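This report concerns only the one structure given below.
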Amino acid sequence: MRAIGHFIATSGIKPGERLPTERQLMQTLAVGRSTVREVIRKLQALGVVESRKGSGTYLKRAFSADAIHMPLVIDATLLRDRLLQTLEVRRGLETEVSALAALRATPEDLAVIETKLDIMEGVHLEKGTSGPEDLAFHLAIYDASHNPLFGQLLERMREAFESFFDEPFDRPDFARRSFRFHRELFDAIVRRDPETARLKTLAILEIVEEDIKDMSK
């Protein structure tokens, strides 16, 4: 992994561009096919690369040999308890992200967040649910904190959190009651009001917690 990180950094491959083929990586790094495949699988799990069927493997975000990766593992043995534990950590991170966004968001950031919110509200009013659009809204807030570690940590946590959203957690009304708080969260960020931004984020996550408990009875 360190060697591939060094190769990516020195070869000038940018996010969105395709990596060399397995054979090319084997020849460049003087390693076997199984080693290359294992590292690619790890990079996929970390969200660094993605493989597109029939097209190749593409770099999703910057990666270097000096990067430190902290994969998140959640034991699904006691699903309800693990989800609630994850939510406790998310609460601490996401409230701080919202507060920082209120302090640091640029006019460009606010425009992006509002666009994502408008799309989310439109889909929600049409379908009664808006999972992907809701996520895009929150990711825009992570970006507005201008601390990339928040986005990376929360993205890894979100993947682990949602990977277990099978029955009964895939109900379309999951966390629907939190809908109105998203506009209020945005308004707090626009007003440069970090404390209210924290409170609105807590209100959203409290509903998520209530629904997890209700749906897992």
Worksheet, complete the sentence: Carbon plus sulfur, as percent of the 1.4 Å-probe accessible area of segment 114-153, comes to 58
Practice prompt. Report ³J(HN,Hα) in whole Hz for each residue of segment 139-153, in order, from the Karplus equation J = 6.51 cos²θ - 1.76 cosθ + 1.60 where θ = phi - 60°; Gly and Pro get x.
Written response: 4, 5, 5, 4, 4, 6, 6, 6, 10, x, 5, 4, x, 5, 5
Practice prompt. Quickly work out the GLU206-to-ARG183 label distance, labels modelled 7 Å from Cα along the C-beta direction, and quote it in nm with one decimal.
Written response: 2.0
Worksheet item: LEU19's amide H: which non-local residues (gap 5+, or another chain) put their own amide H closer than 5 Å, with H modeled 1.01 Å from N in plane and none for Pro or chain starts?
Response: THR57, TYR58, LEU59
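What order, most packed first, do the peptides 35-43, 80-88 have when packing is the mean number of other Cβ atoms within 10 Å of each residue? Walk me through the numbers before you get to the answer.
Values: 35-43: 16.8, 80-88: 15.0.
Ranked from most to least packed, the peptides come out as 35-43, 80-88.
The values are calculated or read from the model by the stated rules, or taken from the named source; none is laboratory data. Bear in mind the structure is a predicted one, so any value in this text is a computation, not a measurement. Note that we place each Cβ from the backbone using ideal geometry, even for glycine, and neighbour counts take in every protein chain shown. Accessible surface areas use protein heavy atoms only, side chains included; no ligands, DNA or RNA. Shrake-Rupley method; radii C 1.70, N 1.55, O 1.52, S 1.80 Å.
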